[in-house]
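The values are calculated or read from the model by the stated rules, or taken from the named source; none is laboratory data. Remember, it's a predicted structure, so these values are computed and weren't measured experimentally. Virtual Cβ from ideal backbone geometry, glycine too; neighbours counted across all protein chains shown. What goes into the accessible areas is simple: the full protein's heavy atoms, side chains included, and nothing from ligands, DNA or RNA. Shrake-Rupley method; radii C 1.70, N 1.55, O 1.52, S 1.80 Å.
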Amino acid sequence: MGLAKRIIPCLDVDNGRVVKGVKFVEIRDAGDPVEVARRYNEEGADEITFLDITATAHERETMVHVVEQVASEVFIPLTVGGGIRKAEDVLRMLNAGADKVAINSAAVFNPEFVREVTDRFGSQCIVVAIDAKRVDDHWEIFTHGGRKPTGIDAIGWARKMTDYGAGEILLTSMDRDGTKIGFDNELTHAVAAAVPVPVIASGGVGNLQHLVDGIKEGGADAVLAASIFHFAEYSIGEAKRFMAQQGVEVRM
Amino acid sequence: MAQKIAVIDYGMGNLRSVSKAVEHVAGDAQVRVTDDPRYIDDADRVVFPGQGAARDCMAAIREHHLNQAILRAAANKPFLGICMGLQVLMRHSEENGGTGLLGLFEGEVKRFDGLAMGDNGLPLKIPHMGWSTVHQAMAHPMWEGIEDESRFYFVHSYRVVPEDVSLIAATTDYGVRFTSAIARDNLFAMQFHPEKSAATGLQLLKNFVNWNV
């Protein structure tokens, strides 16, 4: 037995509350990130990712408290992304109990920022999140939720970010995000083959076979999904049992 | 009187998760994150975590004047090393062009060479990040209630190679079979993170809190 492929539920958090709905029968407050995280942990999630979609700096402060609370009682790795722009933002999240911090647009605007924070805090806690979209015969990175093209080639960018010290790549296909037709496995495989660090596939999961495909066809080290878990279409346990049946090594 | 557990803080990485996880299983014990050598000397048990580069860790330990306190604790009371808290117990690391370590045990800390292939046909990723199985190489009170081959959470690019194989308490496979835990007398140190290994990790920490050396 070797290293298990990781299943990572992702929670969108707005001003300290989980949005996009989470349906667990036994949960009293589906908007409470602590309660939702506790539940995912009990179901066997290998990590949890929180995406702060808050608009204002004041509300962002709330995220720090959310992380503190979750980290005090959920003992699996926690990643926090969204609005991380300065080394101070990284420090605050790590001190609150995050294990990893995901950086997206701040890396695009200033690649040196990634070098700065990996030097200071270590590669193991810096994830670079990449939003990629197919343009003709290649993929380009986009910012602003996939609306703004940058002209930067996604594969080259992933390689550059790992050269700058990123310890992991969180790769989202903006073509697939929200479609429920599966990951862009071609994109995932191209990135996974190009970088020496783990790659998390994201964007497009609609059923459990998609998770398997992301690993087997995409070569991903981990798969991230939001809605299929939030709406209790599938539990994490069901996902893992299915993946195990399909020959994917998972932590049961 | 409630027992005192010191979590050694030398400025390398956030220790909140470690202290919270120990508190979670420690009952009425007093858990304190500290860089005070006197408190460490006075504690009933000592947890020695750490992350980051070997050279930075050693510099931080020296800056905090903790070398002797760490070695004293490792010699005479239940002592739990985690991640870098395992690696720096060795003699020497390849990291940062070669770094001298605390030297409690003879042995080298080596980087994964990145040559091994994974089951998906791509080279194994470095860091080794995620949940791997831990093979228990000896019977030990720290394994109480933990099944052999249980999975724990790892994140590291370097591994220890102790000269004395009788120290090896666990092994893990990642391209190569490496030592994932060592034990001797009152000391137990592991490469994985019990504070991030869900219920299995908490069980191990609980075993440490209850460990009568």
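B:R91 versus (1) within 14 Å of another protein chain (Cβ to nearest Cβ); (2) touching a Gly at 6+ places or on another chain (Cβ under 6 Å): which is the lone unmet condition? Exception for B:R91: condition (1).
Applying the set (1) buried (at least 18 other Cβ atoms within 10 Å of the Cβ); (2) out of contact with any His (no Cβ under 9 Å at 6 or more places or on another chain); (3) not in a loop (DSSP other than H, G, I, E, B) to B:N96 leaves exactly one unmet item: (1). Within region B:104-127, is even one residue surrounded by 18 or more Cβ atoms within 10 Å (Cβ to Cβ), over 16 Å from B:M190 (Cα atoms), within 12 Å of another protein chain (Cβ to nearest Cβ) and of a type in the set (D, E, K, R)? Within region B:104-127 (the criterion being surrounded by 18 or more Cβ atoms within 10 Å (Cβ to Cβ), over 16 Å from B:M190 (Cα atoms), within 12 Å of another protein chain (Cβ to nearest Cβ) and of a type in the set (D, E, K, R)), the answer is yes, since at least one residue qualifies. Just give me the residues in region A:162-206 being among the polar types (S, T, N, Q) and under 13 Å from the mean Cα position of the chain (by Cα), in sequence order. The answer is A:T172, A:S173, A:S202.
Picking from residues in region A:168-185 that are among the charged types (D, E, K, R) and open to solvent by less than 30 Å² (accessible area, probe 1.4 Å), the one that is nearest to A:G81 (Cα to Cα) is A:E168. Scanning region B:38-58 for residues that are part of a helix (DSSP H, G or I), open to solvent by less than 40 Å² (accessible area, probe 1.4 Å) and not aromatic (F, W, Y) yields B:I40, B:A54, B:C57, B:M58.
For B:A75, the test of being among the small types (G, A, S) and open to solvent by 20 Å² or more (accessible area, probe 1.4 Å) is passed.
For region B:181-200, indicate whether the set of residues that are hydroxyl-bearing (S, T, Y), within 26 Å of B:P123 (Cβ to Cβ), open to solvent by 20 Å² or more (accessible area, probe 1.4 Å) and within 15 Å of the chain's Cα centre (by Cα) is non-empty. No, region B:181-200 contains no residue that is hydroxyl-bearing (S, T, Y), within 26 Å of B:P123 (Cβ to Cβ), open to solvent by 20 Å² or more (accessible area, probe 1.4 Å) and within 15 Å of the chain's Cα centre (by Cα).
One residue stands out among those in region A:40-63 that are outside any strand (DSSP E or B) and open to solvent by less than 10 Å² (accessible area, probe 1.4 Å): the one that is nearest to the other protein chains (Cβ to nearest Cβ), which is A:D46. Among the strands (runs of 3 or more DSSP E) lying completely within region A:76-135, list those that include at least 1 residues that are of a type in the set (S, T, Y), open to solvent by less than 40 Å² (accessible area, probe 1.4 Å) and more than 14 Å from A:Y164 (Cα to Cα). Those strands (runs of 3 or more DSSP E) span A:78-81. Looking at region A:220-239, can you tell me whether even one residue there is open to solvent by less than 20 Å² (accessible area, probe 1.4 Å), β-branched (V, I, T) and closer than 15 Å to A:W139 by Cα? Among the residues of region A:220-239, not one is open to solvent by less than 20 Å² (accessible area, probe 1.4 Å), β-branched (V, I, T) and closer than 15 Å to A:W139 by Cα, which makes the answer no.
Of all the listed residues (A:G165, A:G146, A:G151), the sole one being at positive phi, away from chain B (no Cβ under 14 Å), open to solvent by less than 30 Å² (accessible area, probe 1.4 Å) and not in a helix (DSSP H, G or I) is A:G146.
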